[in-house]
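Let me begin by presenting the structure, written as C-alpha cells, before commenting on it.
The values are calculated or read from the model by the stated rules, or taken from the named source; none is laboratory data. On a predicted model such as this, the values are computed, not experimentally measured, just so you know. Counting neighbours? That spans all protein chains shown, and the Cβs are built from the backbone with ideal geometry, glycine included.
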Amino acid sequence: MTYQELISNIVQLQEEGLELFNAGKSVLGKNLLATHVGSYDGPQILLQAGIHAREYITTPLLVEMARNLHNNNLVEGGGIYFVFITNPDGAEIVLDGIDSVNCQITKDYLINANGGGTDFSQYKANINLVDLNTNFDANWGQGAQNVFCPSTEDFVGFYPNSEREVQSLINFTLQTKPVITISYHTKGNVIFYGFEGQSEQDLNRDLNIGEALSETTGYPLIFTENSTGGYKDWCIDTLKIPAYTIEVGDENLPHPLGLETLPEIYQRNKNVPLVALEKAKEFYNSIDFTTPVVQNISKEVSNGTLRTSTLSRLESLLERRSARRRSNNKKQ
Ligand SMILES: [Zn+2]
C-alpha cells in the first residue's frame, strides 16, 4: 500500500455520499481527514486512528466502519465523528519510505534518529520526531517509557501540546463535544480504560461502558497504568469524559500489520461505534461541556495562547526536575 492509496481509500467515501472535512492539519500541512455519520443532534462519539505512523491499518478500519454505518443507515439518535488519520506525515514516511521527505535537513535528522538506517517501517512519531500520543497535556512527561530527546518513538515533545496534530485534535474535540472518544492503535487485542486521579464515579461509568466494548470485540478491558500524555488520557483528565484506547491485532504479529489482517479486525470492531453510541445515550445528560476548565481551554485555543500556558507548566516541571537533580547531586 502507498500513502496515496491510503488517502484515496478515505476520499472514495465522498463518492458514496459522505462529506469529508478536516479535523485540522499536520506539521507539513496535510489534512487530518474526517467525516460524520448520523445526526448532529443528540450525543456524539469521536473515533480517531493513525496517530502512530506504523499503525496506519487503523485508517482503513475506520473507513470500513464509516462506510457500513452510512450505507446501511445504521446510526440513530446521535452522531459519530471519524478522524481517519491523525499523523499523515508519519504514515507517509512508513508507507513511501524516507525518500518521500523532500527537505534534506529533515531527512538527515530523521535518518540520524533512526540510528543511521533508512528502513522506516517501524516509525511511530510525527515529522518532528515527537510521539504524538505522549504529547497531550495529561501528566505529560511522567510515563514509564517517555523519552526527552527527539526519537522515532516515545519522545514526549519539548512541551505538552507542542505539535500541530495534537493541537488540531484538541481543537476538534472541543468543537465537536463528543460524549465518548475511542482511539485506535495496534496491537495486542486489548482495550485500555481509565486514568490516574479519576473520581470513583467516573471510573465506574468508564468501566461500565468499557465492559460493553469488551463484550462486542472480545478484547479484555485493562486499566491504564504507567502511560501518560495520550489523547485518551487528556479526554479523561481534562474533559472528564469516558475515553478508550483499542489496540487491534494479535500481539505476535509484526508491525506494521498487513492488510490481510483487516477483515478479521473489522469483524471484531464493526459494532464498536454503535455500542458506544448506545452507551453515550445513557450518560449524555451527566456529561457537562460547559465546565470552567473546558471554557478556559477553548479560549486558549482560539487566542493562540495554548502554547504559552503549557510552557509555563513545562517550566514548573523542569524546575521540579532540576531541584531533584540538585538534591541527588548533594547526596553523592
Ligand atoms: Zn499506537
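Just a yes or no: is a residue in the range 218-230 among the aromatic types (Phe, Trp, Tyr), away from the ligand (no atom under 16 Å from the Cβ) and touching an Asp or Glu at 6+ places or on another chain (Cβ under 6 Å)? No: zero hits.
Select, from Thr2, Thr58, Thr35, the only residue that is of a type outside the set (Asp, Glu), surrounded by fewer than 20 Cβ atoms within 10 Å (Cβ to Cβ) and in contact (Cβ under 8 Å) with a residue 40 or more places away in the chain. Residue meeting the stated conditions: Thr2. For the criterion of being more than 16 Å from the ligand (Cβ to nearest atom) and crowded, with 21+ Cβ neighbours inside 10 Å, Val63 passes.
Got a number for residues in the range 33-59 being more than 16 Å from the ligand (Cβ to nearest atom) and either under 23 Å from His255 (Cα atoms) or not aliphatic (A, V, I, L, M) (or both)?
Of all residues in the range 33-59, those more than 16 Å from the ligand (Cβ to nearest atom) come to 33-46.
Filter again for either under 23 Å from His255 (Cα atoms) or not aliphatic (A, V, I, L, M) (or both), leaving 35-36, 38-44.
Within the range 33-59, residues that are more than 16 Å from the ligand (Cβ to nearest atom) and either under 23 Å from His255 (Cα atoms) or not aliphatic (A, V, I, L, M) (or both) number 9.
Please indicate, with yes or no, whether at least one residue in the range 228-240 is at pLDDT 95 or above, surrounded by fewer than 21 Cβ atoms within 10 Å (Cβ to Cβ), small (Gly, Ala, Ser) and outside any helix (DSSP H, G or I). No, that holds for no residue.
Where helices (runs of 4 or more DSSP H) fall wholly inside the range 75-186, the ranges with 3 or more residues that are more than 16 Å from the ligand (Cβ to nearest atom) and in contact with a strand residue (DSSP E or B) (Cβ under 7 Å, 6 or more places away or on another chain) are 164-176. Here Tyr123 does not fit the description of being farther than 21 Å from Thr245 by Cα and modelled with pLDDT of 95 or more. Taken as a whole, the structure places Gly210 among residues that are more than 13 Å from the chain's Cα centre (by Cα), in the same structural domain as Arg268 (by TED's automatic domain parsing) and buried (at least 18 other Cβ atoms within 10 Å of the Cβ).
Take the residues in the range 14-28 that are outside any loop (DSSP other than H, G, I, E, B) and in contact with a strand residue (DSSP E or B) (Cβ under 6 Å, 6 or more places away or on another chain), then tell me which one is farthest from Thr176 (Cα to Cα).
Ranking the qualifying residues of the range 14-28, first place goes to Gln14.
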